[in-house]
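Contents: one structure, followed by commentary.
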Amino acid sequence: MKVNIINTSSHPLPAYETDHAAGLDLRAFIPEQITIKPLQRFLIPTGIYIELPVGYEAQVRPRSGLAYKHGITVLNSPGTIDADYRGEVKVLLVNLSDTDFIINNGERIAQMVVAKHEAITWNEVEVLTDTKRGQGGYGHTGK
Ligand SMILES: O=c1ccn([C@H]2C[C@H](O)[C@@H](COP(=O)(O)OP(=O)(O)OP(=O)(O)O)O2)c(=O)[nH]1
Ligand SMILES: [Mg+2]
């Protein structure tokens, strides 16, 4: 599927890094570098603008390596890019480690998965159908 994109950054377009990867890696488009201090959050520009087909969304997800090695994750994970959004794609990173983390311009900071979604309409009723689980949740089935 072809998706319209404007790239105002000086970096390559978001890309699948392996043949069958689900996520397109997003690169930081920042002046030089930034430092994210412990527990600090940072909204990082990518310099890209996309136009998703109606019925699709893009999810902004963490990169596992950054999370595992440095405690860097996407605070609002998964971030949601709506099909009608025309602004710059931005990545909200947070540093959950106890040390500063430096991000350089052009570094791959997150990944974006494009997915189909349903648009529903509500059928408002008085009673919902019965199930074995019923209203049990939040650990209802045990540890
Ligand atoms: O990680 C993200 C999440 C969102 N967005 C953009 C695209 C999305 O379509 C828009 C709104 O996001 P969302 O609906 O999650 O935020 P909101 O706080 O509900 O804002 P709004 O009132 O604009 O919907 O912000 C990003 O660039 N990156
Ligand atoms: Mg919203």
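Check off (1) within 15 Å of ligand 1 (Cβ to nearest atom); (2) under 13 Å from MET112 (Cβ atoms) for LEU75 and give me the number that stays unchecked.
So the condition that LEU75 fails would be (2).
Filter the stretch 101-113 down to residues that are under 23 Å from LYS2 (Cβ atoms) and open to solvent by 40 Å² or more (accessible area, probe 1.4 Å) and give me whichever is farthest from the chain's Cα centre (by Cα).
ARG108
Could you say whether any residue in the stretch 93-108 is touching a strand residue (DSSP E or B) at 6+ places or on another chain (Cβ under 7 Å) and of a type in the set (Ser, Thr, Tyr)?
Within the stretch 93-108, the subset touching a strand residue (DSSP E or B) at 6+ places or on another chain (Cβ under 7 Å) is 93-96, 100-108.
When the remaining residues are screened for being of a type in the set (Ser, Thr, Tyr), the result is none.
No, the conditions are met nowhere in the stretch 93-108.
Which residues, taken from the stretch 59-72, are open to solvent by less than 60 Å² (accessible area, probe 1.4 Å) and either in contact with a Phe, Trp or Tyr (Cβ under 8 Å, 6 or more places away or on another chain) or within 8 Å of ligand 1 (Cβ to nearest atom) (or both)?
Filtering the stretch 59-72 for residues open to solvent by less than 60 Å² (accessible area, probe 1.4 Å) gives 59-60, 62, 65-67, 71-72.
Hits for the stretch 59-72 are VAL60, GLY71, ILE72.
Have a look at ASP19, ASP84, ASP98 and point out the one that is under 30 Å from ILE120 (Cα atoms) and surrounded by fewer than 17 Cβ atoms within 10 Å (Cβ to Cβ). Can you show your working first?
Details: ASP19 fails: under 30 Å from ILE120 (Cα atoms); ASP98 fails: under 30 Å from ILE120 (Cα atoms).
One residue alone meets the criteria, ASP84.
Name the residue, out of GLN111, GLN135, that is within 16 Å of ligand 1 (Cβ to nearest atom) and either part of a loop (DSSP other than H, G, I, E, B) or not aliphatic (A, V, I, L, M) (or both).
Details: GLN135 fails: within 16 Å of ligand 1 (Cβ to nearest atom).
None of the other options fit; the residue is GLN111.
If you go through the stretch 49-70 one residue at a time, do you hit one that is at pLDDT 95 or above, part of a loop (DSSP other than H, G, I, E, B), over 14 Å from ARG27 (Cα atoms) and touching a Gly at 6+ places or on another chain (Cβ under 7 Å)? Give the steps one after another, and end with the answer.
As a first pass, look at the stretch 49-70 and keep what is at pLDDT 95 or above: 49-70.
Filter once more, keeping what is part of a loop (DSSP other than H, G, I, E, B): 52-55, 62-63.
Next, from what is left, pick out any that are over 14 Å from ARG27 (Cα atoms): 52-55.
Applying the additional criterion that residues be touching a Gly at 6+ places or on another chain (Cβ under 7 Å) yields none.
No, that holds for no residue.
With the requirement that a residue be of a type outside the set (A, V, I, L, M, F, W, C) and either open to solvent by 100 Å² or more (accessible area, probe 1.4 Å) or not in a loop (DSSP other than H, G, I, E, B) (or both), what does the stretch 114-132 give you? Full working, then the answer.
Residues of the stretch 114-132 of a type outside the set (A, V, I, L, M, F, W, C): 116-118, 121, 123-124, 126, 129-132.
LYS116, GLU118, THR121, ASN123, GLU124, GLU126, THR129, ASP130, LYS132 - these are the residues of the stretch 114-132 that are of a type outside the set (A, V, I, L, M, F, W, C) and either open to solvent by 100 Å² or more (accessible area, probe 1.4 Å) or not in a loop (DSSP other than H, G, I, E, B) (or both).
Please work out which residue is farthest from ligand 1 (Cβ to nearest atom), limiting yourself to the stretch 83-105 and to residues that are β-branched (Val, Ile, Thr) and under 18 Å from ARG27 (Cα atoms). Give the steps one after another, and end with the answer.
To start, the set of residues in the stretch 83-105 that are β-branched (Val, Ile, Thr) comprises 89, 91, 94, 99, 102-103.
Subset that is under 18 Å from ARG27 (Cα atoms): 89, 91, 94, 102-103.
On the way: VAL89: 5, VAL91: 6, VAL94: 12, ILE102: 21, ILE103: 16 Å.
Checking each candidate, the answer is ILE102.
The values are calculated or read from the model by the stated rules, or taken from the named source; none is laboratory data. Quick caveat, the model's predicted, so the values are computed rather than measured. Cβ coordinates were reconstructed from backbone atoms using ideal geometry, including for glycine residues, and neighbour counts include every protein chain displayed. Side chains included, ligands, DNA and RNA excluded: accessible areas come from the protein's heavy atoms. Shrake-Rupley method; radii C 1.70, N 1.55, O 1.52, S 1.80 Å.
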